[in-house]
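The values are calculated or read from the model by the stated rules, or taken from the named source; none is laboratory data. Everything numeric here is computed off the predicted structure, so don't read it as measured data. Cβ placement follows ideal geometry from the backbone for every residue including glycine, while neighbour counts extend to all protein chains displayed.
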């Protein structure tokens, strides 16, 4: 299990390094409209679509248990207001229970400013490992996980930002649910 996790982490970091230098630029062009006048570049400017990676560290609280959380998402910044990607994370509690999850990550940014509010929805599968076997075990080891939250994005450079976010967490095996919350800080590049 440790070897597979190490391989997954190395693959994520390699893709992140590769994604950092591969911006897809769309240059503004002059366009001729119906009355044969030339429109300016500002009127037809398109946003630079680019690969983006988000690394976040934080904590999650669920079922009277606190977890340290490390999360990596890789995806596409479609425009200044929307990110869609795939995320992989691990959560570890103080009594050595760990959870590994993979999610679809959607982020919406309200403004295109230096500091902007954002909304987050992450949904996917959570696998619990090393959980104690008790008669009152609440959920199965394979669960649906969903995070819904809000936060802020702080731009440091054109292609580098910081995030602070938090919100609601749901774990479900479709018979029972555990509700909780999360708080994370991250780096976006």
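Sub-7 Å Cβ pairs linking a first residue in the range 92-112 that is at positive phi and touching a residue at least 60 places away in the same chain (Cβ under 8 Å) to a second residue that is exposed (fewer than 15 other Cβ atoms within 10 Å of the Cβ) and part of a loop (DSSP other than H, G, I, E, B), at least 6 apart or interchain, number zero.
On the given criteria, is residue 128 modelled with pLDDT of 95 or more, surrounded by 14 or more Cβ atoms within 10 Å (Cβ to Cβ) and either within 16 Å of the chain's Cα centre (by Cα) or farther than 18 Å from residue 57 by Cβ (or both)?
no
For the range 160-176, a residue qualifies if it is more than 12 Å from residue 118 (Cβ to Cβ) and surrounded by 15 or more Cβ atoms within 10 Å (Cβ to Cβ), and the qualifying residues are 169, 170, 171, 172, 173.
On the stretch given as the range 155-184, residues that are within 13 Å of the chain's Cα centre (by Cα) and without any contact (Cβ under 8 Å) to a residue 12 or more places away in the chain total 0.
Taking the range 147-159 as the range and being over 14 Å from residue 114 (Cβ atoms) and surrounded by 16 or more Cβ atoms within 10 Å (Cβ to Cβ) as the test, the residues that pass are 147, 149, 151. When 182, 174, 189 are screened for being at positive phi and touching a strand residue (DSSP E or B) at 6+ places or on another chain (Cβ under 9 Å), only 174 passes.
Of the numbered criteria (1) in contact with a helix residue (DSSP H, G or I) (Cβ under 6 Å, 6 or more places away or on another chain); (2) over 22 Å from residue 59 (Cα atoms), the one residue 74 fails is (2).
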